[in-house]
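Chemist: One structure follows; several queries about it will come next.
Every number here is computed from the coordinates shown, using simple stated rules; none is lab data. Since this is a predicted model, take the numbers as computed values, not measurements. Cβ: placed from backbone, ideal geometry, glycine included. Neighbour counts: every protein chain shown.
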Amino acid sequence: MTQKSLILVDIPEGGLVETSFLQTEGHPAMICHGPTETVPCPLVSGGGCPMAEAAHGILFQLDLDRPQHRAILERYKKVIREDVPIRVVTTDEKARQYASLLAGVQVWTHQPGIGDLDGFVAEVEAADRFESREIIPN
């Protein structure tokens with residue numbers, strides 16, 4: 001089987017997502033636990049992020065109440081190609097609170113199950129039919 005595209009999963013330490021399903025479907029999952037207090041996200045701090053640059057889909061489950069995490073999502077929306085699917089997992093309350101930030105991405109207000117991930121994988125595969133996965137310069 002040909003290796004399919006990579007999916008970046010931004011999830012807090014100890015968070016759960018069915019990455020085994022993504023891998024079963026042939027999509028390796030790269031896990032990022034987000035920035036720490038001492039190490040900022042390279043994508044936000046002006047450097048590049050090899051994981052974001054390689055991703056053909058992004059599953060974002062970091063805490064939107066944290067300014068650094070909101071900055072990461074804002075940066076994704078600005079620099080990641082439009083055909084790269086981004087899914088944000090959050091609560092109903094945070095979806096309402098951060099509605100303007102979440103505009104343009106699909107939001108799941110529940111823990112994604114196999115059906116959600118299957119649909120996401122289908123979108124990633126459809127996006128793979130396009131040419132390049134480069135990050136768009138500022």
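Chemist: Residue by residue, what Karplus-based ³J(HN,Hα) values in Hz, rounded to whole numbers, does region 70-77 have, using 6.51, -1.76 and 1.60 with θ = phi - 60° and x for Gly and Pro?
Modeler: 4, 5, 5, 5, 4, 5, 4, 4
Chemist: Based on DSSP H runs of at least 4 residues, each adding -39500 (n - 2.57), what is the mean residue ellipticity at 222 nm of the chain after dividing by all its residues, to the nearest 500 deg cm²/dmol?
Modeler: -9500 deg cm²/dmol
Chemist: What fraction of the DSSP beta bridges in the chain is antiparallel, stated in percent and rounded to the nearest 5?
Modeler: Within the chain, antiparallel bridges account for around 0 percent of the total.
Chemist: Check Q106: other-chain or 5+ apart residues with amide H under 5 Å from its amide H, H built from backbone geometry?
Modeler: I86, V88
Chemist: Now for a different question. Of [x] 108; [y] 95; [z] 157, which one was derived for volume of the Cα convex hull per residue in Å³ from the structure shown?
Modeler: Computed from the coordinates, volume of the Cα convex hull per residue in Å³ corresponds to [x].
Chemist: If amide hydrogens are placed 1.01 Å from N in the peptide plane, which non-local residues have theirs closer than 5 Å to the one on L59?
Modeler: Under 5 Å from the amide H of L59 lie the amide H atoms of L8, V9, D10, R87, each far enough along the sequence or on another chain.
Chemist: Output wanted: per-residue J couplings in Hz (rounded whole) for region 97-106, from phi through Karplus 6.51 cos²θ - 1.76 cosθ + 1.60, θ = phi - 60°, x for Gly and Pro.
Modeler: 4, 10, 4, 5, 5, 7, 4, x, 10, 7
Chemist: Okay, next question. What is the sum of charges, Lys and Arg at +1 and Asp and Glu at -1, for the other residues whose Cβ falls under 11 Å from the Cβ of T91?
Modeler: Taking every Cβ under 11 Å from that of T91, the sum is -2.
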